[in-house]
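Nothing in this text is a laboratory measurement; each read-out follows from the coordinates by a stated rule. Since the structure is predicted, the reported quantities are computational estimates derived from the model, not experimental observations. Backbone-built Cβ (ideal geometry, glycine too); neighbour counts: all protein chains shown.
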Amino acid sequence: MNNTVKGHKSGFISIIGRPNVGKSTFLNRVIGQKIAIMSDKPQTTRNKVQGVLTTNDAQFIFIDTPGIHKPKHKLGDFMMKVAQNTLKEVDVILFMVNATEGYGKGEEFILEKFQTVRTPIFLVINKIDQVHPDELLKIIDSYKGKYNFSEIIPISALEGNNVENLLKQIKEYIPEGPQYYPADQVTDHPERFIVSELIREKALHLTREEIPHSLAVLIDKMERRDEKDIVHVMATIIVERDSQKGIVIGKQGKMLKEIGQRARVDIENLLGSKVFLELWVKVQKDWRNKMTQLRDFGFRE
Ligand code: GDP
Ligand code: MG
Ligand code: K
């Protein structure tokens, strides 16, 4: 898009890590806008979400990949493939781990995936606000000899500690390059996808433990009614079982109403317009194993 100005840098950065290590929190802090969906449930982020940070001499394009983990079903395989493809395309990989947990089987599994990757990998130890410095040193020690990391950087994505320094280090590793995106653009994702994620986030939060990850949101229609500047969104929440449908709808539709109200507020903030949101709930058994339908749900390779 823009010509390369001498000294200007730009690069693609992938964030890899087990569910709940804080990938979305980090991205949201850096980009300063709610584009990746945060949740205390694992695997909330299923797609690549790009966040773009533009400074006066660099552009960082972040990719929030689905967690690499041992696949349990076909959707897991698919997510793994997406994550692995991403590793080859980027300039820097941030391998994010939880300072309170240390090196374990999950980390070992991911490091195996890195063996064939030539991209520089940073070990980013997140949640340092939760550990004593001595404890942190032990964690760093537990990674000795496990992989030849380009940098080891402890941060707190939640409180912001050392995040500036991490960005500075990343900049050392990205090439000179143009500003790919306009300075005010924070994501190249279609609004539809973000809207569906916002609805999914509310549904997961409000139903808590009762609904596992078997929930998808399909945007049936999203159009701006010009006269009044109202965006009309029609969306379907898809669950796997009748019992889950009951939970999502709630007594006299209370739960669905609450999901809709909360999602609407976020969508209005995102779009800067009034939103009319209509939600439906549909049961589709075993949707996670129906690969042919993945594209319809917005997953992409
Ligand atoms: P993801 O699955 O890797 O994207 O993880 P999330 O960003 O969704 O974070 C999972 C949970 O960890 C959330 O409850 C976050 O608030 C919390 N979290 C993330 N970063 C930090 C941190 O630096 N410190 C603390 N104490 N909690 C964090
Ligand atoms: Mg996430
Ligand atoms: K999560």
### Task
Would you please give the residues with an amide H less than 5 Å from that of residue 59, counting only those at least 5 places away or on a separate chain, with H modeled from the backbone geometry?
9, 10, 11
### Query
Residue-wise, which Karplus ³J(HN,Hα) couplings in Hz belong to the range 120-128, taking 6.51 cos²θ - 1.76 cosθ + 1.60, θ = phi - 60°, and x for glycine or proline?
x, 10, 9, 8, 9, 9, 9, 6, 5
## Note on the structure
Taking the range 225-285, the lysine pairs whose C-alpha atoms sit under 16 Å apart (8 or more places apart or on different chains) add up to 6
### Summary
Charge tally for neighbours of residue 119 with beta carbon under 15 Å away, counting Lys, Arg as +1 and Asp, Glu as -1, is -1
### Message
Per residue of the range 260-271, what does 6.51 cos²θ - 1.76 cosθ + 1.60 with θ = phi - 60° give for ³J(HN,Hα)? Whole Hz please, x for Gly and Pro, Karplus curve as stated.
### Response
x, 5, 5, 5, 4, 4, 5, 5, 4, 5, 5, 8
